[in-house]
Amino acid sequence: MALCSFLCKIGLCFLLQSAVNFDKAVDIVVSLEQRLTDLQQRINEFEEEYEGGLYSIISFRIIEIEITELHDLFQELQEKYMSNQNDLSGQIVQIVNITDRVDELQKYDRQNVVQEQRENARLRRSLSSCNDELLRTVAPPTTPHPGSCSFGALRGVSEPRSSILSHYGTSYLYGGWGNDPLPAAGKENQYWLAIMPNGNYYGNVIRIYPSFGTFLSKTSHTDVTIPGTHIQGTGGIMYENCFYFNCYNSPKLCKFNMTAKSVLSDDLPFAGHNNKFPYCRPSSCLLYTDIDLATDENGLWALYATESNFGNTVISLVNTSDLSLIKSWNTTLYKKSATNAFMVCGVMYATRFFSDEMEEIFYMFDTTTEVELNNLSIRFRKVSSGIQHINYNPRDQKLYVYSDAFLVTHDIIFG
């Protein structure tokens, strides 16, 4: 450092030579000599620490104190010389220069040490930040468990909670019924019933009950006729005060507004219809069930099959405003291998015939994860051998089932 070089150049002889004439200054000179020697040693040690990057503010503070004390001794020596200032003016000038130089070196060293310490602190923070970044464990992306809702996965289906024979009697085995999952204000308690009186596969009347009480008592109902077309098959559903269904004799979706009494229709691209890909049981198929509508927490869905997907089921999320398709998923479920299907939390569940008393959920496709499983075995009891219609209502988390003219509800068991 600059201070060491400076001390090497300045000998102590001039101090000793001058001090012999001043007895009172001898002690100060001797003290200065010893203190300068000690300071030289401290500076050498500090230089080693400094060059190795190991210096500390404590080491610097000790040197700073030494320099301050030496400054005071120089000041005292200068005062001792004041009476002979003319004879010793050169020495006084040198002493003053030493004092000024020490002051400069003191400021220089302190500034450099502080600056170096700040820079090292900054580098340490930067290194620590880099180290933290390297060591940081990135949480793996969260993948929803296949088949899960926010309140759990479907674990089972309860025993029948309610069962009533259709008001039309056993003459009409094909139909559907339920409660609007997203009803208009004031219609939260309404129930609907739509049977297929014409050849068990089409009709155009929706019967509305203002409450479950009137539904049970079979009183105070209103029959609403759909103009200009017919409901084909048992896949129709009520949603947002509109009845959605497969338009008669076509691969189209129809939307009937219950208030305006108007019908909107649009193509369901490449969908099989007219018994091309219906639901089936071992002994026979369910007539004209090619296109099935379903509801869940996400909205309205269309379940159907296409030739391009080899007769396997396609799931489409429907835009209820214009009947366009928001998104579609191809599954590997051959549609004729299932007796029916429904949606829960974006997951399609398919059923099959197990016995005259039991039905089995055997397949699922999760539209969120695109995971499909065909080894499910969730069985539930039936009130009759055949099932023509199943739909899940997210508002009460029940399955609404039309089973050989019986109107049945089951609770979904989540876990």
Is it true that some residue in segment 399-414 is assigned to a loop (DSSP other than H, G, I, E, B) and in contact with an Asp or Glu (Cβ under 8 Å, 6 or more places away or on another chain)?
no
Name every residue in segment 352-363 that is aliphatic (A, V, I, L, M) and either in a loop (DSSP other than H, G, I, E, B) or touching a residue at least 60 places away in the same chain (Cβ under 8 Å) (or both), in order of residue number.
ILE361
Within segment 243-263, identify whether any single residue is within 37 Å of the chain's Cα centre (by Cα) and in a loop (DSSP other than H, G, I, E, B), and answer yes or no.
no
Condition met for SER262 (at pLDDT 95 or above and farther than 23 Å from ASN393 by Cβ)
yes
Please verify whether ASP396 is over 18 Å from GLY175 (Cα atoms), at pLDDT 95 or above and in contact with a Lys or Arg (Cβ under 7 Å, 6 or more places away or on another chain), treating the condition exactly as stated.
no
Just checking: which of the strands (runs of 3 or more DSSP E) contained wholly in segment 168-242 hold 2 or more residues that are more than 15 Å from LEU293 (Cα to Cα), touching an Asp or Glu at 6+ places or on another chain (Cβ under 6 Å) and modelled with pLDDT of 95 or more?
205-209
SER217, sole failed condition from (1) surrounded by 18 or more Cβ atoms within 10 Å (Cβ to Cβ); (2) free of Cβ contacts under 8 Å to residues at least 60 places away in the same chain; (3) not basic (Lys, Arg):
(1)
Looking only at segment 304-319, count every residue that is surrounded by fewer than 16 Cβ atoms within 10 Å (Cβ to Cβ) and not acidic (Asp, Glu) and tell me the total.
3
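The values are calculated or read from the model by the stated rules, or taken from the named source; none is laboratory data. Note that the structure is a prediction, hence the values are computed from the model and not measured. Because the Cβ atoms are built from the backbone with ideal geometry, glycine has one as well, and the counts that use them run over all protein chains shown.
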